[in-house]
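Report on the structure given below.
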Amino acid sequence: MQPLRSILSKIFPPSRTTVQAKWDESFTNRKRIPPWRGRKSLDACDRAMKTGWIPSQSRVLDLGCGEGMLAIRMAEVGQCIVHGVDISGKAIEIAHESRSKLHPSLQKLLTFGVLDVLSSEPIEATLHADFDVVLDVGCFHNFKKVKERRLVAEKMHKVLRPGGKWMLVVKAFRDNKSDRSAETQWRIEMIEAACAGLFSLSHFDEADLKGPHMTSEMPGLAFYLQKTPLL
Ligand SMILES: C[S@@+](CC[C@H](N)C(=O)[O-])C[C@H]1O[C@@H](n2cnc3c(N)ncnc32)[C@H](O)[C@@H]1O
């Protein structure tokens, strides 16, 4: 049975300001380290660069960039030009702080800004539509409604250049009891439904998202999508 809180939030969805405040809190609460800080998602990102799926010097949009850890890694390792966006102003403040400590040659590859990807504003009002790659680690994952996932897929289609790619990493298999192939299939279907006519799934693999301070495992799945032309 669904917990009452989850049922209530479906009937009375939180405002965008409340959602933003919740994410801000996760970056300011000193008693709780954000579970994604320093985690192994860096490995998934490194792998994508090593295999050439994220080519060096790509123009990358880091969607839900948090504190900018992955954006900085892509600039350092792949000399990618990365724009990180996040709903949380606090996260972006921290990302700016980290950027300011880098060598100027890296600083010039990195920009960050506050953006709620679910806002009703057209994305082209804020971003140029010329990214080679969108990297999304743990952002899309939060969107529970079909229409939210579709909206994000439409926006990502708009900001990518023709032939652009979207690497989408989600938490998965958290319940050790789940049937892994059934859950994988369910997630593939969910992503393909959101991306129908916009992106095709080229492949997927498993991703370890465990952070250094975490005691339990955090497995995930990485999906590699290719933008398709609109018919
Ligand atoms: C699990 S964290 C991952 C952070 C970062 N990608 C990483 O792996 O270190 C999810 C991030 O998505 C951001 N986020 C959630 N909803 C968002 C939205 N509607 N628009 C933009 N960012 C969002 C959160 O603020 C948070 O930083």
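Taken together, the values in this text are just the output of simple stated rules run on the coordinates, not laboratory data. Predicted, not measured: the structure shown is a model, and the values here were computed from it. Every residue, glycine as well, gets a Cβ built from its backbone with ideal geometry; the counts of neighbours run over all protein chains shown.
Some observations on this one:
- Mean Cα-pair separation over length for the chain, i.e. relative contact order, pairs under 8 Å, 6 or more apart, %: 19
- Amide H partners (placed H, <5 Å) of residue 79, local residues excluded: 57
- Most simply put, the chain has about 45% antiparallel DSSP beta bridges, counting only bridges with both residues inside it.
- Reducing segment 137-152 and segment 86-114 to their Cα centroids gives an inter-centroid distance of 24 Å.
- Globularity ratio of the chain, using Cα Rg and 2.2 N^0.38 Å: 0.98
- Residue among 175, 62, 86 with the largest mean-square fluctuation in a Gaussian network model of the chain, springs linking Cα atoms under 10 Å: 175
- Within the listed set 102, 110, 198, the Gaussian network model of the chain (springs between alpha-carbon atoms below 10 Å) gives the highest mean-square fluctuation for 102.
- Segment 125-222, relative contact order in percent, only Cα pairs under 8 angstrom and at least six apart counted: 30
- Fraction in percent of alpha-carbon pairs per bin - 10 Å, segment 32-133: 16, 47, 33, 4
- Each part gets one Cα centre, and for segment 171-231 versus segment 44-65 those centres are 17 Å apart.
- Taking packing as the residue-averaged number of other Cβ atoms within 10 angstrom, the listed peptides 9-17, 200-208, 134-142 run from highest to lowest as 134-142, 200-208, 9-17.
- For the chain, the Cβ-based charge dipole about the Cα centre amounts to some 440 debye (Lys, Arg positive; Asp, Glu negative; other atoms uncharged).
- Paramagnetic reach from residue 146 in segment 191-226 [backbone N under 17 Å; point 7 Å along Cα→Cβ]: 191-198
- Mean separation of Cα pairs under 8 Å and 6 or more residues apart, divided by the residue count, gives segment 1-101 a relative contact order of 26 percent.
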